[in-house]
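Heads up, the thing below is written out as structure tokens.
The values are calculated or read from the model by the stated rules, or taken from the named source; none is laboratory data. Just so we're clear, the structure is a prediction, and the values are computed from it rather than from any experiment. So basically every Cβ, Gly included, is an ideal-geometry build from the backbone, and we count neighbours across all protein chains shown.
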């Protein structure tokens, strides 16, 4: 080891200690000014945050002349690319909710609060807000100094710029949110001409204020005190969950690096107590106290510690993604040997299959058959038995359709009355029609004859849309 | 009451009896008091804005002028407003014209469902299912005709069938023969010669028609002339439960015969005085669409 390298290392360590007096654990009393350090996890965090660009840009995707994804609440139509989902198909929403709930559970069981640390809008927006803060106000010590400084023109200017930028982001958030629910291009026009719906303005306003307050002011306090998922996820962890962990056995007893002390004389562990892990923590906790409620598992302390370990020439990974089992030297189970993984995956798969089945079997038209119950059947003067059905045709296409009704099943002498003219089914609505089915009594083999109604319409494109619905023909007991 | 307080610092009111029995002052928590006074304020505001003080016959109206009845009337006015264009169109149309328009038919059916429930279903059953002694309206068998015009007549003016009691006019054996013959007809058989002979010989055909189908004459426009006599040649029975005993009873005691104790009772009241022309028209459409209108 050359002298210059040792000197350089000593200086680096001194700087760390000079700085460390500023870092202590967040008890909620003051604003957390977390230090930003580059690193592997920092980069991954930006990539994960980048997924939220979909939220801002998604509404401008077009598909066959309409907005690709549009949740049209006033018209009760939900367009997702080629698929149009109506409230009648909303059972799929429950599966979607189940899917995401279990996804949260499975992800948390495997890799801890990965949602909180990398993907959650609270984390991402706060990250962006503090990034702006750093660009404008400087590193944490300067920020603290500025906070304490008396108001002058410079401070007012910086602060005003910051809050303005925050509000602009808040506004963009609200505006983008609304753009998923109304046609985006016309939103741009009507919003700024003052012609948009009051609900639109209120929503954008609430989102602007909400984003500004939550990401600008409340920050990690949201995760500590407001967010239920933070608490729920806490109990989803188990001994095998991989989370950012401080290796106690390697690190303790922590102790400052003594100048001129060689590796052989060292009585302390690998932790040099520089508090960099606390410095970078966006929620202001000390990971060395172990996994705790404040930890959103963002892994920024791993970056910080690895950088320090590199500087002092000790192996990296003092803080690393590890499970409690691994840390305590227990045998670690393979992923597929854990029952949790199987149970969660089965539920995930079931929900996913349900949704895929739902989307696959979405008919362009839907038929409901309501059988008259009073009376269930009547005898006609020619001796045949008549049943009355109300057909409800839901037309999910964008065309007005003429829907032809036919019937399958029953004896050859069956007569369908009232379906001579096609049902006129306006788009996006339910159109009712009453039809009668007559079967001569002598041909009735049972008091319950299964029948199937078929409906068929032709779209303006020439595409034939069809669906069917089974029902039963009731007759007198034999 | 003690002049000087022997229990200082415990927040008592100074009311002390029998040396040490004293009243403490434990005020309610501040948040509770704030809530209390806020609700008092709320109450005052409510009393001013809404009807409250029972003075005389009516309570004070409140400066908002709100009342349940007003709210009800306003909602009803809204409903009426939505219905108005339909009602106006229907007013100028005949039942047949309404039936030719699927949209208006749909409106009329929804609207008349309530009327049917209020005025008709007590006897004819919901959905026109019928009840013992009261005809099924969902089938295609009509004593007085199933065209819209005939239906309107039946609803407006009511109907009262009549059939002579034949006990005493016919022998028991003859009544039995006729009853058996009617059962045969209802089962789609041609009917005994004896029965037909009796039917014609005793003049039953005067009301029930040459073919025993209740029709006296068919007019060139397709409508038929009846006097409300039952169609004996179909499988539908006017009086429950149908079959030999029912037929024998009806032949013996007749329908609506004064002074005959066991006579069949079959009266439909007229609704002309109780329902508007518009409502009767709607009911005609409704009954026509129950399943057997002609």
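Going by the conditions given, is residue A:324 under 34 Å from the mean Cα position of the chain (by Cα), more than 14 Å from chain B (Cβ to nearest Cβ), surrounded by 15 or more Cβ atoms within 10 Å (Cβ to Cβ) and at negative phi? For residue A:324, the condition - under 34 Å from the mean Cα position of the chain (by Cα), more than 14 Å from chain B (Cβ to nearest Cβ), surrounded by 15 or more Cβ atoms within 10 Å (Cβ to Cβ) and at negative phi - is met.
Checked against (1) more than 19 Å from the chain's Cα centre (by Cα); (2) within 13 Å of residue B:283 (Cα to Cα), residue B:128 meets all criteria but (1).
Can you say whether residue B:119 is under 30 Å from residue A:385 (Cα atoms) and away from every other protein chain (no Cβ under 14 Å), as far as the supplied structure shows? Yes: the conditions hold for residue B:119. Of everything listed in (1) within 12 Å of chain B (Cβ to nearest Cβ); (2) in contact (Cβ under 8 Å) with a residue 24 or more places away in the chain, the single unmet condition for residue A:473 is (1). With respect to the conditions (1) within 14 Å of chain A (Cβ to nearest Cβ); (2) surrounded by fewer than 20 Cβ atoms within 10 Å (Cβ to Cβ); (3) without any contact (Cβ under 8 Å) to a residue 24 or more places away in the chain, residue B:258 lacks only one, and its number is (1). The combined condition, being without any contact (Cβ under 8 Å) to a residue 60 or more places away in the chain and part of a helix (DSSP H, G or I), is fulfilled by residue A:200. Does residue A:375 satisfy being over 21 Å from residue A:455 (Cβ atoms), surrounded by fewer than 16 Cβ atoms within 10 Å (Cβ to Cβ), in contact with a strand residue (DSSP E or B) (Cβ under 9 Å, 6 or more places away or on another chain) and within 11 Å of chain B (Cβ to nearest Cβ)? Against the criterion (over 21 Å from residue A:455 (Cβ atoms), surrounded by fewer than 16 Cβ atoms within 10 Å (Cβ to Cβ), in contact with a strand residue (DSSP E or B) (Cβ under 9 Å, 6 or more places away or on another chain) and within 11 Å of chain B (Cβ to nearest Cβ)), residue A:375 does not qualify. Cβ separations smaller than 8 Å between residues 6+ apart or across chains give the following pairs from region A:216-240 residues that are more than 19 Å from residue A:281 (Cα to Cα) to residues that are modelled with pLDDT under 85 and part of a helix (DSSP H, G or I): A:238/A:340.
Considering A:215, A:275, the condition of being touching a helix residue (DSSP H, G or I) at 6+ places or on another chain (Cβ under 7 Å), modelled with pLDDT of 85 or more and in the same structural domain as residue A:166 (by TED's automatic domain parsing) is satisfied by A:215 alone.
Scanning region A:340-373 for residues that are over 27 Å from residue A:403 (Cα atoms) and in a loop (DSSP other than H, G, I, E, B) yields nothing. Of all residues in region B:133-144, those that are within 13 Å of chain A (Cβ to nearest Cβ), out of contact with any strand residue (DSSP E or B) (no Cβ under 6 Å at 6 or more places or on another chain) and assigned to a loop (DSSP other than H, G, I, E, B) total 6.
Please verify whether residue A:407 is crowded, with 17+ Cβ neighbours inside 10 Å, away from chain B (no Cβ under 13 Å), on the phi < 0 side of the Ramachandran plot and at pLDDT 90 or above, treating the condition exactly as stated. Yes, satisfied.
Residue B:116: in contact with a helix residue (DSSP H, G or I) (Cβ under 6 Å, 6 or more places away or on another chain) and at pLDDT below 95, yes or no? When the stated conditions are applied, residue B:116 does not pass them. If you check B:178, B:170, B:137 for being assigned by TED's automatic domain parsing to the domain that holds residue B:221 and surrounded by 20 or more Cβ atoms within 10 Å (Cβ to Cβ), only one passes: B:178. Count of region A:83-121 residues, restricted to those that are surrounded by fewer than 19 Cβ atoms within 10 Å (Cβ to Cβ), assigned to a loop (DSSP other than H, G, I, E, B) and in contact with a strand residue (DSSP E or B) (Cβ under 7 Å, 6 or more places away or on another chain), is 1.
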